[in-house]
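Student: Structure provided below as structure tokens; questions to follow.
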Amino acid sequence: MSRVRIRQHVNPLSSRYQKSLTLPDWSQIYTHLHQPLHLDIGCGRGNFLLQMSQLQPDVNFLGIEIREPLVIEANRQKEELGLTNLHYLFGNINNSAEILLSSLPSNILSRVTIQFPDPWFKKKHKKRRIVQPGLVDILANYLVDDGEVFLQSDIEEVAKEMRDRFNEHSSFRQQHRETWLAINPLPVPTERELYVISHDEPVYRALFKKIARS
């Protein structure tokens, strides 16, 4: 059987990706629904979450990815392994974040990762980037107090834009004094991160926490 060709870049503003998410019955997805939730935005093939979910069975993991064939394959793999703390969704986070997060139990979103998103270099295409101010607002509303946001990219301009948008929001506080975080605080690197490091290229990382409400 021939392998399906996966597009490297998908325009999130096209009409195909403006449809609402098809949400599952979460109680049928996660064995322990009220465990802390780690949301990985732009999860790609899902290998990062596949490893994380096995290392941290007391956390639920959810990946959202705009390329549907990758989601189908990722869910097939997690089902083969019998993982009941992991799920992948096909969708566009920039028009689905509120719908998605409001469908989940309250006070469970403890970590968000956005790693090596599509850079969309052209000025006219920057509105296609994942980290838009509206998304930062929604994450601020749903993250638990002291919840984490971890960002990384091998494109400094993209990393700076992501970092600045979280720094500009009153609900988030950067967790390191240096411009970039030198070491990935998570136990699993992404495939892209390993590739970049193997070529002796820099990775630009930032870690934020949601400020506890007074």
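Student: List the aspartates and glutamates whose Cα lies under 19 Å from the Cα of Lys209, skipping any in the same chain that are fewer than 8 positions away.
Tutor: Asp40, Asp137, Asp145, Asp146, Glu148, Glu161, Asp164, Glu168, Glu178
Student: With unit charges on the beta carbon (Lys/Arg positive, Asp/Glu negative), name the residue among Phe150, Phe116, Ser103 whose Cα is farthest towards the positive pole of the charge dipole of region 75-214.
Tutor: Positive-most Cα among the choices belongs to Ser103.
Student: While we're looking at this one, here's another question. Going by average Cβ density within 10 Å per residue, which order do the peptides 77-84, 65-72 take, highest to lowest?
Tutor: Result, highest mean Cβ count within 10 Å first: 65-72, 77-84.
Student: Determine the gain in length on full extension of the stretch Asp200-Ile72; use 0.36 nm per residue of separation and subtract their C-alpha separation, reporting nm with one decimal.
Tutor: Extending this stretch completely gives an extra 42.8 nm.
Student: What does the charge dipole of the chain about its Cα centre add up to, to the nearest 20 debye, if the Cβ of each Lys and Arg holds +1 and the Cβ of each Asp and Glu holds -1?
Tutor: That gives the chain a dipole magnitude of about 800 debye.
Student: Treat the count of other C-beta atoms within 10 Å as a stand-in for reagent exposure and order Lys210, Lys19 from fewest to most.
Tutor: Lys19, Lys210
Student: At R0 = 30 Å, how high is the FRET efficiency between Gln174 and Asn107 if r is their beta carbon distance? Nearest 0.05 is fine.
Tutor: So, using R0 = 30 Å, E works out to roughly 0.80.
Student: Which value at 222 nm does the chain reach when only helices count, each DSSP H run of 4 or more adding -39,500 (n - 2.57), with the total divided by all residues and rounded to the nearest 500 deg cm²/dmol?
Tutor: After summing the helix terms and dividing by residue count, I get -9000 deg cm²/dmol.
None of the figures in this text is laboratory data; all of them are computed from the coordinates on show. Predicted model only: the values in this text are computed from it and were never measured. Heads up, the Cβs are rebuilt from the backbone with ideal geometry, glycines too, and the neighbour counts pull from every protein chain shown.
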